[in-house]
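Worksheet: the structure to be examined is printed underneath.
The values are calculated or read from the model by the stated rules, or taken from the named source; none is laboratory data. Please read all numbers here as calculations on a predicted model, not as lab measurements. For neighbour counting, all protein chains shown are included, and Cβ atoms are generated from backbone atoms with ideal geometry for every residue, glycine included. In case anyone asks, the SASA skips ligands and DNA or RNA and just uses the protein heavy atoms, side chains included. Shrake-Rupley method; radii C 1.70, N 1.55, O 1.52, S 1.80 Å.
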Amino acid sequence: MTMMKCALAGRCGGCGGMNLPYENSLQQKEAYIRELYGKCGEIEPIAGMHYPYHYRNKVSAAFSRDKKGNIISGIYEENTHRVVNTDICLLEDKNADAIIVTIRGMLRSFKIKVYDEDTGYGLLRHVLVRTGHQTGEILVVLVTASPVFPSSQNFVKALVKAHPEITSIVQNINTRTDSMVLGEKEHVLYGKGYIEDVLLGMRFRISARSFYQVNPLQTKELYKTALLYAGLTGKERVLDAYSGIGTIGMLASKDAAEVIGVELNKSAVKDAIRNAKQNGVKNITFYQKDAGEFMVQLSEQHVHIDVVFMDPPRSGSDEAFLSSLCKLKPDRVIYISCGPDTQARDLKYLMKHGYAVRRIRPVDMFPWTGHVETVCALSKLSEAKHHINVQVDMDELDLTAAEE
Ligand code: SAH
């Protein structure tokens, strides 16, 4: 495959792996997973992309000024808050990048000041663009430091004229001083306020603040693997933990008796409930709650669960969740993770408490970056085997890297 090069590669650090051919970077990721987990289950070949460029459906650009006072936008230089002015990024959706460049060019004539982190002066902080891979819908989120956005209607009109492909524009107000991109409040300035995308035959609504996987082609691979590993027969009660907008649970619902979803983010749960309605899924219920607390409740009430899908954030799961899971004793656990080191830590816990790792498949969700996603299938051991498993697997599993 011909390799592309980014002129900014040395500065932004977003795609540090581009000095290697793609095939080699895939091999490296697979080797890392083999080293981390090789002794506890079967590692399947990594799922790579045919065309590993412009895959990101969510693009976020910070706005700032350079030393000469020119408006710039792009990603932060690695480990800093210095913006690297970016017109096009090889990882990001091309339409999204073009829209951000247009916005950058419009600010002066609309007298919109960019926000200055040091003085707290100025309006525009970030622009986030979300695109629906299959539907082509595009949501632009203008993140402002205050709710007052003078001449916003004229700005919106001009932006949609320049990019008629935009289907919705939202103003998000972020008055925070930490590094979170989005605040709590938002106003819809144009269109319906969210995008929809179609994935594996289901239609999902995605709001500005809800999590949605950033690489739509690879998400199909990831979910297909998770569903295959789950081996649902139509009879199971399934838990989709850390469920986001409900994608995994809804796809699983076709082959399950009942699905329960739990997710902390309110806007994601709202999306999930609407998504279930829109797709006519009747055997799913979503709860807005901390997944760990929810699991404690389920285990206290002795709720029977057959299969658990869990897909926590990079920091992994927690003891409340894992210990309750071991009390609930579901037959199968499918653990999806974008942080192999925290996943390894959690697997170690599950292996100590009655589960065996069967199969692991790495999926390259984030080509050219150091990140790798994994799907891991675990199954419950009989009491006798549990004893042996603890002895064998725990001795063999080298987790020194994970515990650093
Ligand atoms: N399974 C979904 C989302 C995975 S991302 C998908 O494939 O799209 C992880 C999700 O966990 C996010 O939606 C995040 O909001 C949620 N989350 C983070 N901490 C949580 C917690 N303590 N309890 C429940 N959900 C949590």
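Dipole orientation for the chain: of the candidates Ala226, Gly246, Asn85, Asn85 has the Cα lying most toward the positive pole (charges on Cβ; Lys, Arg +1; Asp, Glu -1). Calculated [222 nm] ellipticity per residue, helices only, for the chain: -9500 deg cm²/dmol; basis is -39500 (n - 2.57) per DSSP H run with n ≥ 4, divided by all residues, nearest 500.
Shape verdict for segment 182-305, please, from the Cα gyration tensor: rounded (a/c under 1.5), prolate (a/b greater than b/c) or oblate. Because a/c hits 1.5 or more and a/b fails to exceed b/c, segment 182-305 counts as oblate. Accessible surface computed residue by residue for segment 242-320, with neighbouring protein chains in place and a 1.4 Å probe, gives 45 Å² per residue. Relative protection proxy for 279-292, 346-359, from highest mean packing down: 346-359, 279-292 (other beta-carbon atoms within 10 angstrom). Taking every DSSP beta bridge that has both ends in the chain, the antiparallel portion is near 60%.
The alpha carbon gyration tensor of segment 117-206 gives principal lengths a ≥ b ≥ c with a/c of 1.5 or higher and a/b no greater than b/c, which makes the shape oblate.
Highest-first packing order for the peptide set 26-39, 145-158 is 26-39, 145-158, based on the mean count of other beta carbon atoms within 10 Å. Here the relative contact order of segment 326-383, from alpha carbon pairs under 8 Å that lie six or more residues apart, stands at 45 percent.
Summary of packing: across the peptides 104-111, 369-376, the per-residue average of other C-beta atoms within 10 Å ranks them, highest first, as 369-376, 104-111. The spacing between segment 148-208 and segment 305-353, judged by their C-alpha centroids, is 34 Å.
Name the shape class, rounded, prolate or oblate, that the alpha-carbon gyration tensor gives for segment 235-285, where a ≥ b ≥ c are the square roots of its eigenvalues, rounded holds for a/c under 1.5, and otherwise prolate holds if a/b is larger than b/c and oblate otherwise. Judged from the Cα gyration tensor, segment 235-285 comes out oblate (a/c at least 1.5, b/c at or above a/b). For a straight C-alpha distance cut-off of 24 angstrom, the lysines reachable from Lys157 (same-chain residues fewer than eight places away being disregarded) are Lys58, Lys94, Lys111, Lys113, Lys185, Lys192.
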